[in-house]
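Trainee: Before anything else, here's the structure in question.
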Amino acid sequence: MFVWLLLIVPVVWTMCFWYRRRHLYRLAAKIPVIETTLPVIGIAHNLVGDTESIMASLQEFSYSSMRQGGIATGWLGHILYFILVDPVDMEHVLKTCLEKDDLHRFIRKIIGYGGIFAPVPIWRRRRKILVPVFSPKIVENFVQVFSEQSQKMTKKMLECAGKGKTSMWPYISTYTLDSVCETTIGVKINAQDNPDSPFLHAMCRVLNLICQRIFHLWLQPDWLYSLFPQFKDHQKCIGLMHGFTDEVIKKKREELKKEKESKTEVDHEFDLGLYRNTTFLDLLIKLSGGEKGYTNEELREETLTLTIAGTDTSAVAMGYTLQLLAKYPEIQEKVHQELYEVFGDSDRPLVKEDLMKLKYLERVIKESMRLFPPVPLIIRKVLEDTKLPSGHVLPAGSGVVCSIWGIHRDPKYWGPDAEQFDPDRFLPERFNLKHPCSYMPFSNGPRNCVGYQYALMSIKTSLSTMLRQFKVVEDREDGPVPRIRVKLDIMMKAVDGYQVALEKRKKVSA
């Protein structure tokens with residue numbers, strides 16, 4: 001009798017589980033599946049191995065979706081996802097499915113409910129504060145910080161000039177961390193003088209651990225993860241990052257309190273123009289209501305989110321751009337010619353007025369971010385049946401993966417040369433997108449990245465400073481399609497750490 005129960009109970013449970021989800025299965029059956037799907041496990045077998053092989057599988061899923069009209073079904077065991085590369089459908093999803101997928105719970109362990117990953121009710125409230133914080137008038141005042149830190153980065157790079165290929169990651173990631181920390185929390189962390197910065201090491205390590213949890217199902221349950229050796233490292237990294245940020249916030253609160261007490265009532269009038277030299281943390285405190293606004297925990301969530309997103313996104317974009325310039329020296333020469341027209345042979349620091357003149361460099365950066373977007377995927381939760389413009393219906397309880405990587409390479413919208421590196425496709429007379437979601441390195445819709453102008457200013461400033469001093473030595477690609485091995489560590493990064501060789505440029509007048 002007991003043996004029969006052991007056999008019958010699982011069968012009955014499975015039938016009940018299937019019956020409750022029959023609507024989901026019915027709608028999913030109307031959409032083509034990814035070609036490599038297997039019975040029961042779906043696409044799970046494609047998502048094992050290291051982060052490079054996982055990224056390769058995700059790229060192939062995007063191609064599969066392209067071949068099948070812009071959408072494909074991917075079962076991860078019993079969990080249903082749709083891989084989307086159609087820009088019209090994608091715009092609808094990004095405007096209506098605002099809730100982040102449950103997989104984001106792993107990164108929330110570090111940053112809590114910071115604006116990027118917060119549930120919708122929290123996100124709406126915090127977004128209203130973040131938008132004015134990132135207004136152009138405020139962001140452009142950080143160009144001086146970017147300029148100073150990029151000059152420091154360039155001096156550090158002298159040590160590897162003329163010595164063959166070297167990973168650029170230690171230089172560009174410490175530059176972005178120094179810039180982000182100074183502009184976000186007002187602290188000069190001096191990571192460029194100390195590449196082994198505990199904060200940077202903890203951040204990189206914990207992002208890698210989170211990526212492991214997302215794609216390895218056995219690491220997802222908290223109780224089971226606590227039994228693995230990675231758990232101790234995970235908790236140590238979080239403790240270090242939280243401790244550092246909490247201490248900065250505490251000191252900033254005390255500083256603002258003393259400042260308030262020393263001012264007269266006339267000085268208290270609110271005006272964003274008064275905050276030109278303040279940090280994002282100052283503005284978050286003041287715009288949220290001062291002492292009655294964000295709690296210290298909420299401030300930590302927002303500042304950590306800005307720090308992590310700002311550091312990795314900009315560094316990754318810089319790295320890919322350098323590698324592409326090494327592969328296509330004729331394009332690099334055009335960049336240098338533009339820099340010479342703006343700066344001549346001078347060593348003067350870049351100022352914000354220079355940025356508008358660097359139009360070709362901006363096209364190069366945009367094309368780099370088209371082919372190699374730092375954030376290749378956006379995952380949203382479908383809370384209710386959602387009919388797409390294409391006619392397909394996404395059932396409630398599923399997840400949808402918006403493939404930025406895929407949509408940026410779709411020949412339907414970018415032409416037969418979609419895989420080729422061509423900065424001139426961003427010329428005003430050529431850049432005529434059939435749909436705005438065809439190009440979205442900073443996402444799209446209500447939850448797009450509020451810091452895109454900040455990131456572009458930082459990237460343009462640092463690359464222009466560096467390329468005035470160095471030539472990225474030719475590592476010419478055989479054809480027009482660049483080949484760079486990539487991996488997924490939350491962001492899409494180069495496997496080799498962005499290895500290039502640098503040569504010190506000689507002044508033209510000499």
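Read the figures in this text as sums done on the coordinates, not as results from a lab. Treat the numbers as computed from the prediction; the structure is a model and nothing was measured. Positions of Cβ are backbone-derived with ideal geometry, glycine not excepted, and every protein chain shown enters the neighbour counts.
Trainee: Go through Pro221, Leu325, Asn46 and say which Cα lies farthest out towards the positive end of the charge dipole of the chain; charges sit on Cβ, +1 for Lys and Arg, -1 for Asp and Glu.
Mentor: Pro221
Trainee: On a 0 to 90 degree scale, rounded to 10, what angle separates helix 359-371 from the longest Cα axis of the chain?
Mentor: On a 0 to 90 degree scale, this one is about 20.
Trainee: Further question on the same structure: Quickly work out the Lys188-to-Arg476 label distance, labels modelled 7 Å from Cα along the C-beta direction, and quote it in nm with one decimal.
Mentor: 4.4
Trainee: Could you pull out every one of the lysines with an alpha carbon less than 28 Å from that of Lys257, ignoring same-chain neighbours closer than 8 positions?
Mentor: Lys257 reaches Lys128, Lys137, Lys188, Lys286, Lys292.
Trainee: Hey, which lysines would be in cross-link range of Lys109, C-alpha to C-alpha under 18 Å, not counting anything within fewer than 8 residues on its own chain?
Mentor: Lys100, Lys232, Lys236
Trainee: Answer with one residue from Ile459, Ser62, Leu350: the one whose Cα lies farthest towards the positive end of the charge dipole of the chain, charges on Cβ with Lys, Arg +1 and Asp, Glu -1.
Mentor: Farthest towards the positive pole: Ser62.
Trainee: Between Gly42 and residues 5 or more places away or on another chain, which pairs have amide H atoms under 5 Å apart, with H built 1.01 Å from N, and which residues are they?
Mentor: Hits under the 5 Å cutoff: Gly77.
Trainee: Then there is this: Which of the peptides 404-410, 48-54 is most tightly packed, and how do the rest follow, judged by the mean count of other Cβ atoms within 10 Å per residue?
Mentor: 404-410, 48-54
Trainee: Further, regarding this structure: How long is the gain from Glu353 to Lys507 if the chain were fully straight, where each residue apart is worth 0.36 nm and the alpha carbon distance is subtracted?
Mentor: That pair, Glu353 and Lys507, stretches by 53.1 nm at full extension.
Trainee: Now, a different point. If you project the alpha carbons of the stretch 112-231 onto their three principal axes, what span does each projection cover, largest first, in Å?
Mentor: Its Cα atoms span 48, 41, 22 Å along the three principal axes.
Trainee: Related question: Which of the peptides 379-391, 97-109, 28-40 is most tightly packed, and how do the rest follow, judged by the mean count of other Cβ atoms within 10 Å per residue?
Mentor: Descending mean neighbour count gives 97-109, 379-391, 28-40.
Trainee: Continuing with this model, one more query. Fully extended, how many nm does the chain gain between Leu427 and Glu333 (0.36 nm per residue separation, minus their Cα-Cα distance)?
Mentor: Value of the extension gain: 32.1 nm.
Trainee: Follow-up question, since we're still on this one. State to the nearest 20 debye the size of the charge dipole of the stretch 399-510 about its Cα centre, where the only charges are +1 on K and R beta carbons and -1 on D and E beta carbons.
Mentor: Computed charge dipole of the stretch 399-510: roughly 420 debye.
Trainee: Highest mean first, what order results for 132-139, 341-348 on Cβ atoms within 10 Å?
Mentor: Answer by packing, highest mean first, reads 132-139, 341-348.
Trainee: Taking the Cα-to-Cβ direction at Leu383 and at Arg67 and moving 7 Å from each Cα, how far apart do the two end points lie in nm?
Mentor: According to this spin-label approximation, the distance is 3.6 nm.
Trainee: Taking the alpha-carbon centroid of each part, what is the distance from the stretch 347-406 to the stretch 49-79 in angstrom?
Mentor: Between the Cα centre of the stretch 347-406 and that of the stretch 49-79, the gap is 18 Å.
Trainee: Divide by every residue of the chain the summed helix terms, -39500 (n - 2.57) for each DSSP H run of at least 4, and state the resulting mean residue ellipticity at 222 nm, rounded to the nearest 500 deg cm²/dmol.
Mentor: -16500 deg cm²/dmol
Trainee: Using only alpha carbon positions, build the gyration tensor of the stretch 272-367, then give the equivalent ellipsoid semi-axes as the square roots of 5 times its eigenvalues, largest first, whole angstrom.
Mentor: 37, 18, 9
Trainee: Oh, and also: Hull surface divided by four, with the convex hull built on the Cα atoms of the chain: how many nm²?
Mentor: If you wrap the Cα atoms of the chain in a convex hull and average its projections, you get 27.6 nm².
Trainee: Mind checking which of Ser150, Trp169, Cys211 is farthest towards the positive end of the chain's charge dipole, using Cβ charges of +1 (Lys, Arg) and -1 (Asp, Glu) about the Cα centre?
Mentor: Result: Cys211, furthest along the dipole toward the positive end.
Trainee: Angle, helix 169-184 long axis vs. longest principal axis of the chain, Cα atoms, 0 to 90°, nearest 10?
Mentor: Its long axis makes an angle of about 80 degrees.
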